[in-house]
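Notes for the one structure printed next.
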Amino acid sequence: MATFFWKVLLWVCLCLVLTFRVEAYPVCHERADAYELAFADMQGTGDNLWLQKINDGNCASIKGPVYIRSLSTYVSDELTRVVEFRYLGKNLYGLLTSLPDGVWSVRYDPEWENRPANVRQWFQNLKQPDNPRISCCGDADAYEADLFEQDGDSWVAIITGQGPEIANKPYIKEGTRIKVSNSKMKWDEGNPTGHGIIFIGTQGQVYCYVTPALL
């Protein structure tokens, strides 16, 4: 009943604000819907899924939501953010290719050295997808790659940070594009870090790539 009430209220408010010259944003009630749209956008089917979610009453374009923060980023035709809004006391979720006026792009960077036990355990237990008896390696091989895109039958991870700080760890410049074969894509262990993580050996070999948690 509560979900139905919010859906009705959202559509009523949409009708009320149509006369104001305020930019409309595509938003959804649930975070999972926004991430599903992000995946569809990367596959080129975002428009069809958006229309389906509008027809189902799960998403709509509304004017006046307040931008709160960016949750994830990805690259399709352009850099796109999965974002969280606040509207009439409720959190909504959507996609943006550019931030609202007056909002600066600040990427959240958790303190790696203070990461919780579940994240440390995740690093320790992560295995290579094509050789599940061998570890993806550890902090010294881990770099942040919050951006990624599909390239034919493989993927491209884009370096966005240096990951855990380890003495003598090789520096990889932000923006560096790393080709990742399908066999090195790790989809089955989740990702609690808040970043895409790619494990790269000293010779440039890719051990594993775990995309940012999109669902």
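Which one is modelled with the highest pLDDT among residues in the stretch 13-43 that are under 19 Å from Ser98 (Cα atoms) and assigned to a loop (DSSP other than H, G, I, E, B)?
Restricting to residues being under 19 Å from Ser98 (Cα atoms) and assigned to a loop (DSSP other than H, G, I, E, B), the top hit is Glu23.
Just for strands (runs of 3 or more DSSP E) wholly inside the stretch 116-215: which have at least 3 residues that are among the β-branched types (Val, Ile, Thr)?
Strands (runs of 3 or more DSSP E) meeting the threshold: 197-200.
Report whether or not Val83 is outside any helix (DSSP H, G or I) and at pLDDT below 65.
No; evaluated as a whole, the condition is false for this residue.
Name the residue that is nearest to Ile200 (Cα to Cα), counting only residues in the stretch 112-134 that are among the polar types (S, T, N, Q) and touching a residue at least 12 places away in the same chain (Cβ under 8 Å).
Gln128
Which pairs have Cβ atoms under 8 Å, sit 6 or more apart or on different chains, and link a residue in the stretch 166-182 that is over 12 Å from Tyr209 (Cβ atoms) and modelled with pLDDT under 85 to one that is of a type in the set (Asp, Glu) and surrounded by 11 or more Cβ atoms within 10 Å (Cβ to Cβ)?
Ile166/Asp139
The values are calculated or read from the model by the stated rules, or taken from the named source; none is laboratory data. These numbers were taken from a predicted model, which means no experiment stands behind them. Don't worry about glycine lacking a Cβ; one is built from the backbone with ideal geometry, like all the others, and counts go over all protein chains shown.
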